[in-house]
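Worksheet: the structure to be examined is printed underneath.
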Amino acid sequence: MSKLPNPVQQLLKRAQETPNAPYLHQPIKGVWRSYTWGEVAEQAQRMASALIGMGLKPGDAVAMTGMNNAHWFMADFACGLAGLIGVGLYPKQSEDAVRFIAGHAGIKAAFIGPMPDAAGFLAALPAEVTRIALPYPGVAPCAHSWEALAAAHAPLAQPVERAADAIWSLIYTSGTTGNPKGVIMTADNLAFTIAGVLRDQPARASGEHFLSYLPLAHAFERGAVEVASLYLPAQVHFLEELEKLPETLAMVRPTRFYGVPLVYSRIQGGILKKLPQAKIDRLMRLPIISGFIKKKIRKGLGLDRAWLVISGAAPLPRPIIEWFAKLGIDVLQGYGMTENSIYASVNLPGQNRIGSIGKPYVDAGLRIAEDGEIQCRHAGNTPGYYKDAEKTAELFTADGWLRTGDKGHIDKDGYLFITGRVKEIFKTLKGKYVSPAPIEGKFGTNTTVEQMCLVGAGLFQPMLVLSLNADARKLPREQVEAGLVATMNEVNKTVEAHEEICKIVVTRDAWSIDNGLMTPTMKVRRNEIEKRYGELLAKLEADRKLQVYWED
């Protein structure tokens, strides 16, 4: 395969070949505005000229933040055209993280989009950072506006040239501990991974459509949606408000849909609100009606033309995968990390083994180390962490393989399974080691649970801390507790005595980015759970009879 053009070269190619074809679709207060390839390219070229006019030099860092929107893409493309380094910031990034990243990356300018709690975010940005407001309602006032800058500058005639191995963007990992690390991405990294996607998940002749709602500051949405849309090509529709995901999904009907486990559990909950499980089971037993019901549900969800439905970031409980499969929706689990451009393994239609994270890409260079760690070596791997030689050295083995930190195995048919994290294994006071991930996975059969975390360091026996989903919080407590105890007993039958769950703690509040228990990419902050609940768990251990403790 010949080498792919870099993303902005590809954008200009699309704009030249199909200038009037629709590309980005943006809702503003419920009214949709579409942008063609030609319009997107021209806006990005005008903004590139504006950034250069402000005195920014090739290699300077520029941030984009706010909810996903069409101008987030255009701002990123403008950085690419001007030879600048694009840095995504989560709209709910903590103020400490914003301060750290702004200083560490040396951010010179920032595009500000719509976001909740903008005041704290903007206060954390250094005063010398030039602020540019994206053209959306409710965006905090900035020194410059997108419309004024674009109108005042002619389109940049030629993209600023840079080497294929120069820094294209910095993606700061949200991290469950310590300061975020700036993962370097180059044009070479992007070209390699996109070539793999085009090979294994080629565009359908009928056209491709994405719904962009997962954080664009994360490597997955940036690569699998923003960058991939340039090459497939694909039309991209944006979500205006998170609360409108069900109705927007039903309207957009994407051909490829990506989500994290929490999204799929909430989609399941939404269906069960309208159609109770007992009724679904009854209808599914009727040969002719069952096919009609499946089709109706898929269309109601907006997944009726989705040929690729992917779940990632964390394990999706097997019961949820099987539940969707009965409706004719194959939710395929994939695997990767920011440091390897989210390029390791994936299940594909017709090649799906439930419980696995798929077969490694043919060029992923994946191996299982002696200690069980999954390691990979390919051209999508980051050159390292920005301004952090020590952490970069820790990321790679002596012979150049990237350490994922995940433990796993490959079965006889080539499917990869994750068995836990290398560093998440804890030792109880009995001196026994426990790997939490497999036990948490088994507890995933209980559909009342939204998030969970098995802890045991400093305890004689592991305990499970969990939060309930919104529907479960409305049920009688006795009913929920009986279900939790039943699941605990079933799980305990399958593990060693030292791994058995001795108690369950049901937290008062849902876990979120706001309360610090989840990362912006919806991963559980295990260290925060241990810190927040460690003292309580130690006290509860003395009560031998207690099985379920309700925080409230």
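The numbers here are math on the coordinates, done by the rules we state, and not lab data. The shown structure was predicted, so the numbers you read here are calculated from the model rather than taken from an experiment. Every residue, glycine among them, receives a Cβ derived from its backbone with ideal geometry; neighbour counts consider all protein chains shown.
Largest first, the three principal axis extents of the alpha carbons in the chain are 73, 60, 48 Å in whole numbers.
Compared with the dominant principal axis of the Cα atoms in the chain, helix 37-53 is inclined by about 70°. A straight line joining the Cα centroids of region 25-77 and region 124-199 runs 9 Å. Summarising the amide proton neighbourhood of S212: residues at separation of 5 or more, or on other chains, whose placed amide H is nearer than 5 Å comprise H237, F238, L239.
For region 426-550, the antiparallel share of DSSP beta bridges with both residues in that region comes to about 55%. Quick one: grab the alpha carbon gyration tensor of region 283-367, order the square roots of its eigenvalues as a ≥ b ≥ c, and give me rounded if a/c is under 1.5, else prolate or oblate depending on whether a/b is larger than b/c. Note, shape of region 283-367 comes out prolate. Remark: relative contact order (region 1-85) = 29 percent; criterion is Cα-Cα distance under 8 angstrom and separation of 6 or more residues.
With distances taken between every two different alpha-carbon atoms, region 426-550 has a Kirkwood hydrodynamic radius of 14.7 Å. Residues W32, W168, ranked from the fewest to the most other C-beta atoms within 10 Å, line up as W32, W168. Region 461-540 and region 245-281 have Cα centres spaced 24 Å apart. Our summary gives the chain a relative contact order of 10 percent, counting only alpha carbon pairs under 8 angstrom and 6 or more residues apart. Put in line by how crowded their Cβ is, counting other Cβ atoms within 10 Å and starting with the fewest, S49, S512 read S512, S49.
When the helices of the chain are scored as -39500 (n - 2.57) per DSSP H run of n ≥ 4 and the total is divided over every residue, the value at 222 nm lands at -10000 deg cm²/dmol.
Under 1.5 on a/c is rounded, so check that first for region 138-258, then, if it is not, pick prolate when a/b is larger than b/c and oblate when it is not; a ≥ b ≥ c are the square roots of the alpha carbon gyration tensor eigenvalues. Rounded, since a/c falls under 1.5. Suppose we keep just the DSSP beta bridges with both residues in the chain; what percent of those would be antiparallel, to 5? Just about 50 percent of them are antiparallel. As a proxy for reagent exposure, ranking V465, V40 by other Cβ atoms within 10 Å from fewest up yields V40, V465.
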